[in-house]
Structures are given as structure tokens and as C-alpha cells.
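So the structure is just underneath, and the comments pick up after that.
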Amino acid sequence: MTKKVVLKLGIQDEKGKQKAMMTVSSLPGIDSIVMDMKDKKLTVTGEVDPVSLVGKLRKICGTEIVTVGPAKEPEKKEPNIMKVDPKKGAGTKIEDLGHPIPPPLPYYNYSRGADEDPNSCVIS
């Protein structure tokens, strides 16, 4: 399950930020890393253990866990198969809207023999 972990770091400069980013990015299961230098907060999203994350970062700088929770996954939109026509009050199929589904393309299997290709190898 994807988690969103927000940590407050005790870093002072750009060098500390780079060390923290390198340490976090080396852990497996990380989807995204966002660093806010104004508030000194690091947001990590992915399948990561917050305890191991804090353990690695405490070797570099002071680290506190602010929040741990599920990451908001983007909502999956289902394709609209039916379209409501306000005049009829009923659904209309996509085929009725003037966009027919094209038939599948035919599959042709061309095989060339040894007589047709002078570079082919024939074992007799």
C-alpha cells in the first residue's frame, strides 16, 4: 500500500539537503520525494517503511515524523459508454453518434522460400 510520509528535518544548508535526498532515494519502494526548504519538510510517497526511513535520516540530521498516512491515488475515470441526450431522456450508444468502430485489420503471414531469397541458408 502506498504511503505518504511527511518528515521535519534539521538541515541547515544545501549540502544537508543533497545528503538527505541521496539517502532517501537509495531506499527501495520510493515513488516521489519532495523537499520544502522553507518549512524544512520532506515528503516521501511510496511503499516505504517510515521507521527505516527515519533511521537512515537520523544518521545525517535530526528527523521528526510529522504525519504518516495513505497517499491519495488519482481517481480512475471510467470511459463514458452511454451519453445522455436531454431531448430523448435516454442513453445513446457511441455508434449512434456517428463514430463507428473500425473493423480489425487483417493479418497477413508472408513466408518466403529459399528460391525467392538468395541470401537464405538451406540445409540439405
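The values are calculated or read from the model by the stated rules, or taken from the named source; none is laboratory data. In this text the structure is predicted, and so the values were computed from the model without any measurement. Note that each Cβ is placed from the backbone with ideal geometry, even for glycine, and that neighbours are counted across all protein chains shown.
Among the residues of segment 62-80, those that are at pLDDT below 90 and either among the aromatic types (F, W, Y) or farther than 10 Å from V5 by Cα (or both) comprise K72, E73, P74, E75, K76, K77, E78, P79, N80. Can you tell me which residue within segment 31-50, out of those that are β-branched (V, I, T) and at pLDDT 90 or above, is farthest from Q18 (Cα to Cα)? Here the answer is T45.
The set of residues in segment 34-47 that are in contact with a strand residue (DSSP E or B) (Cβ under 6 Å, 6 or more places away or on another chain) and within 17 Å of T2 (Cβ to Cβ) comprises V34, L42, T43, V44, T45, G46. The strands (runs of 3 or more DSSP E) found entirely in segment 1-72 that carry 3 or more residues being surrounded by fewer than 15 Cβ atoms within 10 Å (Cβ to Cβ) and in contact (Cβ under 8 Å) with a residue 40 or more places away in the chain are 63-70.
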